[in-house]
Amino acid sequence: MKKITSIQNAYIKKLLKLQEKSRERKKQGLFLIEGKREISLAIEANYEFDTILFDSDLISEQEILTLFDSTINCIKISREVYQKLAYRDSTEGLIAVVKSKDFSLKNIQFSNKHPLILVAESIEKPGNIGALLRTADAANIDAVLIANPKSDLYNPNIIRSSVGCIFTNQIAVGTSKEIIDFLNQNNMNIYATTLQNSNPYFQENYTKPTAIVVGTEATGLTTIFREKATQNINIPMQGKIDSMNVSVAAAIVLFEAKRQRLFK
């Protein structure tokens with residue numbers, strides 16, 4: 001089995017570019033995952049693995065052979081190389097180079113007759129996208145659509161903050177118009193979270209095919225979603241501020257929708 005001990009190795013430098021640059025991830029069609037849990041979730045989601053790198057002081061070669069198909073290229077790396085590549089302090093000595101998937105709207109399929117989906121428009125912070133994906137997984141909704149994405153979804157911060165939920169959700173990206181067209185084609189009611197011309201969220205019926213749309217805390221949703229929504233909704237605020245973290249807002253409305261569906 002091949003072993004790499006130098007951080008100056010050309011292949012390691014290539015992987016560092018994948019870690020750091022969205023352009024490289026798109027160009028090579030590859031990204032990195034670290035940690036057993038995240039990698040296990042990617043395996044369950046049928047991602048195709050290119051290479052496995054592992055620090056044999058932290059995880060045994062036998063465990064690697066148990067976890068992965070014998071046809072996958074495996075490389076031992078030194079502690080120095082592992083620490084250079086690892087994005088987190090503790091990820092069990094395991095890093096995978098994985099092939100990207102296509103996040104096209106055409107790939108979204110609904111097994112549920114009354115799907116519940118989350119739409120997130122122009123979310124800038126990778127941590128917020130990760131938190132939204134965790135929320136979506138917790139609510140076990142049918143899909144997450146990212147409108148006008150500000151970061152590619154294989155950004156290490158998104159993978160880390162989603163704790164692997166990027167692999168557990170059905171995800172697609174598109175422009176706001178493309179996503180609205182998709183929602184209309186699938187006869188979905190669109191509920192846009194905004195203060196303008198809105199009703200309290202708990203007054204609405206989410207038991208039919210439903211899309212909950214959230215935007216940034218700073219600027220909110222764009223005009224197109226506010227105008228094309230079936231109904232604009234708000235979360236009544238009782239304190240001194242008029243907004244909350246986008247993942248918290250999404251969770252409040254999504255779990256109200258789940259509550260309604262449970263007791264309808």
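The values are calculated or read from the model by the stated rules, or taken from the named source; none is laboratory data. On a predicted model such as this, the values are computed, not experimentally measured, just so you know. Every residue, glycine as well, gets a Cβ built from its backbone with ideal geometry; the counts of neighbours run over all protein chains shown. Areas reflect the complete protein model, heavy atoms only, side chains present, ligands, DNA and RNA absent. Shrake-Rupley method; radii C 1.70, N 1.55, O 1.52, S 1.80 Å.
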For region 95-244, just run the numbers: alpha carbon Rg, then divide by 2.2 N^0.38 Å, N being how many residues it has. 1.02
Leaving out ligands and nucleic acids, note down the accessible area per residue over region 1-57 with a 1.4 angstrom probe, in whole Å². 55
Going out from 0 in 10 Å bins, what whole percent of all Cα-Cα distances in region 169-215 drops into each bin? 22, 53, 24, 0
Could you tell me the calculated FRET efficiency between residue 208 and residue 44, based on Cβ-Cβ distance and R0 = 41 angstrom, to the nearest 0.05? 0.85
Regarding region 1-62, what are the three Cα extents along the principal axes, ordered largest first, in Å? 34, 32, 17
Quick check for me: using +1 on Lys/Arg Cβ and -1 on Asp/Glu Cβ, what's the dipole size of the chain about its Cα centre, in debye to the nearest 20? 320
Over the alpha carbons of region 1-105, what is the largest minus smallest coordinate on each principal axis, giving the biggest first in Å? 42, 30, 26
Go ahead and run the numbers for FRET between residue 227 and residue 264, Cβ-Cβ distance against an R0 of 30 Å, rounding to 0.05. 0.55
Between region 1-42 and region 73-106, what is the C-alpha centre distance in whole Å? 5
Which values, in whole Å and largest first, are the semi-axes of the equivalent ellipsoid of the chain obtained as the square root of 5 times each eigenvalue of the Cα gyration tensor? 39, 18, 16
Given the chain, what percent of its DSSP beta bridges are antiparallel, to the nearest 5? 25
Determine which residues of region 33-60 fall in the zone a paramagnetic label at residue 83 would reach in this model, i.e. backbone nitrogen under 11 Å from the point 7 Å along Cα→Cβ. none
Region 163-253, accessible area per residue, ligands and nucleic acids excluded (1.4 Å, Å²): 49
Quick one: Karplus J couplings for region 96-108, per residue in order, coefficients 6.51, -1.76, 1.60, θ = phi - 60°, nearest Hz, x for Gly and Pro? 10, 9, 10, 7, 5, 10, 8, 9, 6, 4, 5, 8, 6
Just to be sure I understand the curve: with the Debye formula and one point per C-alpha of region 194-264, what is log10 I(q)/I(0) at q = 0.18, 0.19, 0.23 Å⁻¹? -0.71, -0.79, -1.14
I'd like the carbon and sulfur percentage of the solvent accessible area for the chain, probe radius 1.4 Å, heavy atoms only, ligands and nucleic acids excluded. 45
Of the listed pairs 113/228; 240/264; 177/264; 150/208; 113/264, which have alpha-carbon separations greater than 24 Å here? 240/264; 177/264; 150/208
